[in-house]
Amino acid sequence: MDIGNLFTSTTFVNIWNKHFNKTEETFLFSHLSNITFVKPSFLPVYVNVGKRFTQGLTYNLVDNNPQPLFSNNVYLIYDVPSREPIHELLAYFEIKEIKQYEAYLINLRGYGNIDEYLKNQFSSNRRWQLRSALKKFENAFNTSFEVVTGKNVTKERHHKLFKTFYQLLLRRYNSKGEDHVFLNPKRWEYLKDLAYTLITEEKAGLFILYANNKPVAINLNYLSDGNLILGLPVFDIDYDRFKIGHITTLKTLQWCLDHGISSYDLSKGYYKYKEQWGNLHYNFYYHVIFDKRSFWSSFIGYLISYFFLLKGWLRFRILPLFRYFKNILSFKAPHKKIPYKILDDNSNSSEMVKVSASDYESKNIIKPLNDFLFKYSENFKAVEVFQLNENTFLFKSEQNCSKVCLPSS
């Protein structure tokens, strides 16, 4: 039975094989519908195509032979969501379901508009903060929101957007001092290839928030089983004061409601924003399936299960403690150091030189300028920028003025 999961589709399987499985054979098993497997080692262990690069797999066990010959095979299926019952246990199979990741979903069923959802999900103070940030963002810039999808999307445009996408992702994680799985060039090429094919098939889209025609947030989202699934989000850290990650989510939910999509799956991995937005919490499991009549199948199946049980225990027991103490420390610690200083002396200088908007990026003043726009609810075009010396700049509007000093390079 075809259950319509994007990550078991022919398109997904072919592109994943093209990038990660050029020489190995793939396998289909009649008792495991929809899933294509690879055999990565000499052991009789078969792993789903896509491995951990899916956003949730669903499958069915099919009892097509009441008494099949026993098998030494073990089947490992990554990232099975707990929110969907997907199989009936067959007498000769044993399934170990090992919890690995938290996940969140925004269920829009029963909501007629976005305000109803916000009222149910957030406190009045939180709703005010979100509306205030949105109002300031739209007042500061010429803003727009676009969903790039469909057969008319050219490769040239796709590659250009993905170049910006990668640059935003790189800056974001460099600023956090962390790595990201898709910063690996081979994996990024895979994602770019997959995204383009799915976009032209209208099974994915780039959801883009613009400020003055510049992409400041890009989310790759997938369409599967009539639901929207978050694939990879990123935003420009220079615009973080405007809460553009939350604004992008808000715009995406409105798009879902406008297009009759009943849920936005924020998928696996704990992040604070997912917990804030999601009204359904669930988990991702790894399924280890083996023939309990076979000693070797059972032995290997239990060995793999205990390995992932240990990983899951560490993830669900140790990581929450880490988050707890991290929150305590971040609460007591001073505010994170900003990459510039605000100077008290706002007097004009006879030697100051006006800076053209086209030079803002090269002079590294977009972040402090955006903070100025947010603080005073100013419009980008109403603010003039002057350079006093190599590292000191003056932001000036009719009513407000601020002098900042950038760190020496």
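TYR173 meets each of the listed conditions (1) surrounded by 14 or more Cβ atoms within 10 Å (Cβ to Cβ); (2) farther than 30 Å from ASP371 by Cα; (3) of a type in the set (Ser, Thr, Tyr) apart from (2).
Reported count of residues in the stretch 139-181, each being at pLDDT 95 or above and either in contact with a strand residue (DSSP E or B) (Cβ under 7 Å, 6 or more places away or on another chain) or outside the structural domain of ILE247 (by TED's automatic domain parsing) (or both), is 13. Exactly one residue among ASN389, ASN370, ASN379 is over 15 Å from ALA140 (Cβ atoms) and not assigned by TED's automatic domain parsing to the domain that holds PHE141, and that residue is ASN389. Taking the stretch 256-277 as the range and being part of a loop (DSSP other than H, G, I, E, B) and either crowded, with 20+ Cβ neighbours inside 10 Å or of a type in the set (A, V, I, L, M) (or both) as the test, only ILE261 passes.
Among the residues making up the stretch 124-145, those that are polar (S, T, N, Q) and under 18 Å from TRP255 (Cβ atoms) are THR143, SER144. Taken over the stretch 150-205, the criterion of being in contact with a His (Cβ under 8 Å, 6 or more places away or on another chain) and closer than 26 Å to GLY226 by Cα is satisfied by TYR190, LYS192, ASP193, ALA195, TYR196, ILE199. Whether any residue in the stretch 3-16 is modelled with pLDDT under 90 and closer than 26 Å to LEU309 by Cβ is what I want to check. Yes: the stretch 3-16 contains one or more residues that are modelled with pLDDT under 90 and closer than 26 Å to LEU309 by Cβ. Filter the stretch 254-267 down to the residues that are of a type outside the set (Gly, Ala, Ser) and more than 15 Å from the chain's Cα centre (by Cα) and list them by number. Those that are of a type outside the set (Gly, Ala, Ser) and more than 15 Å from the chain's Cα centre (by Cα): GLN254, TRP255, CYS256, LEU257, ASP258, HIS259, ILE261.
Output the residue which, of all residues in the stretch 377-402 that are aromatic (Phe, Trp, Tyr) and either modelled with pLDDT under 95 or part of a loop (DSSP other than H, G, I, E, B) (or both), is surrounded by the most Cβ atoms within 10 Å (Cβ to Cβ). Once the filter is applied, the top-ranked residue is PHE393.
Yes/no per residue for (1) without any contact (Cβ under 8 Å) to a residue 40 or more places away in the chain; (2) closer than 30 Å to ASN364 by Cβ:
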{"residue": "ASP179", "(1), (2)": "yes, yes"}
{"residue": "LYS192", "(1), (2)": "yes, yes"}
{"residue": "ILE199", "(1), (2)": "no, no"}
{"residue": "PHE207", "(1), (2)": "no, yes"}
{"residue": "LYS214", "(1), (2)": "yes, yes"}
{"residue": "GLY231", "(1), (2)": "no, no"}
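Apart from one condition, LEU194 fits all of (1) crowded, with 22+ Cβ neighbours inside 10 Å; (2) under 18 Å from TRP255 (Cβ atoms); the exception is (2).
The values are calculated or read from the model by the stated rules, or taken from the named source; none is laboratory data. The structure presented is a predicted model; accordingly, all values stated were derived computationally and were not measured. FYI the Cβ positions are ideal-geometry reconstructions off the backbone, even for glycines, and counts take in every protein chain you see.
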